[in-house]
Amino acid sequence: MKTIIETRQLTKVFHEKEVVSNVNMTVNKGEIYGFLGPNGAGKTTVMKMAANLIKPTMGKIRLFGSPLTAESYQILGKIGSIIEQPVFYEKLSARKNLEIHCEYMGYHNKNAIDESLEIVKLMNSGVQPVKEFSLGMKQRLAIARAIVTRPELLILDEPINGLDPVGIQEIRNLLKKLNKEYGITILISSHILAEIEQIADKIGVIIEGKLIEEIEMEKIREKNKDYIEIMTNNTRKATSILEHHLNITNIKMLSPMTIRIYDLSIPQDVISEALLKHGAVIESIYYKSSSLEDYFFTLMNGGGISA
Ligand SMILES: Nc1ncnc2c1ncn2[C@@H]1O[C@H](COP(=O)(O)OP(=O)(O)OP(=O)(O)O)[C@@H](O)[C@H]1O
């Protein structure tokens, strides 16, 4: 698997305060990486270092497999970013803003501007000046500007911040499209779990400058599957009854007295009835539903992330 961003022991000190500490982050090609952490945790600082906007105090960054150095112009040309509040020429149209950006970047491709306006659905904004845009339109224009040079990696710092639910949905769909149809790898930060859990393939959680978790969403969902837990004096007998009489196969023995069923197609009362009917003693049986919010809450231990 190709690695697009790799940081090792990445550290940033501002005025003798370590705001990013030894961050080892890995963003793979094709991934949407959700970078999650409360306000002030260090997300923007890590992203600025990855985009070469500020220098690390210590540690290493590799982009597209090569070390990031002062001569990395070519590598940086493969990155589009929105870091902190995007600034536009407010009196000019969306198209004019993109033209100026392309000129500045030395990127000359006539179709690219039309294509990015089309992708973010701003084709119809015509000559309307950006100052009349809604926040959602401005965020879409920021994305258009980030993708107009056809980058392979997008670094987006809180692009959903402040949008209403419709705006959030629009940006989410847009990012999914850029990722799936155009193969763009995306690093996106947020302080709100719900904003990115639906689109991220992997999540990195940063608190007080430390990356405390980096994990695939798939693994989180796996860990957080609902189950039925049964305590019985004879787990072997109970397992055999479940397998032979109810055809349940996804059973895990947790202790000599406890089993868990992850196959939830059979209702709990049917399970109890079958166990009792065939002579197993049930000490307790209950349904456990665990949500992603629970997982993050436990992880953060109330560290300030809003679920
Ligand atoms: N240029 C700077 N000089 C001094 N301190 C800074 C500078 N930039 C950031 N910091 C401090 O570094 C810490 C991390 O800030 P950062 O902006 O990276 O966090 P964040 O996770 O992106 O939070 P937010 O979501 O609020 O932007 C904060 O305590 C912030 O005050």
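Tell me the residue from GLU16, GLU6 that is charged (D, E, K, R), at pLDDT below 95 and more than 7 Å from the ligand (Cβ to nearest atom), please.
Being charged (D, E, K, R), at pLDDT below 95 and more than 7 Å from the ligand (Cβ to nearest atom) holds for just one of GLU16, GLU6, which is GLU16.
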Tell me, please, whether a residue that is more than 12 Å from LEU153 (Cβ to Cβ), assigned to a strand (DSSP E or B) and within 11 Å of the ligand (Cβ to nearest atom) can be found in the range 39-57. no
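Could you tell me which residue of the range 13-31 is farthest from GLU181 (Cα to Cα), considering only residues that are surrounded by 17 or more Cβ atoms within 10 Å (Cβ to Cβ) and of a type in the set (A, V, I, L, M)?
VAL19
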Report yes if some residue within the range 212-226 is part of a helix (DSSP H, G or I), away from the ligand (no atom under 15 Å from the Cβ) and β-branched (Val, Ile, Thr); otherwise report no. yes
Taking into account only those residues within the range 58-81 that are in a strand (DSSP E or B) and in contact with a helix residue (DSSP H, G or I) (Cβ under 7 Å, 6 or more places away or on another chain), which is nearest to the ligand (Cβ to nearest atom)? SER81
Let me confirm something: among TYR227, TYR262, which residue is surrounded by 15 or more Cβ atoms within 10 Å (Cβ to Cβ), more than 28 Å from PHE14 (Cβ to Cβ) and of a type in the set (Phe, Trp, Tyr)? TYR227
Given the criteria in a loop (DSSP other than H, G, I, E, B) and more than 30 Å from THR26 (Cα to Cα), does THR249 qualify? yes
Hey, any hits in the range 22-40 for a residue that's of a type in the set (Gly, Ala, Ser) and modelled with pLDDT of 95 or more? yes
Considering residues that are more than 24 Å from GLU195 (Cβ to Cβ) and within 14 Å of the ligand (Cβ to nearest atom), the number found within the range 19-38 is 1
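The values are calculated or read from the model by the stated rules, or taken from the named source; none is laboratory data. As the structure is a computational prediction, the values presented were derived from the model and not from experiment. Ideal geometry is used to build each Cβ from the backbone, glycine not excepted, and the neighbour counts take in all protein chains shown.
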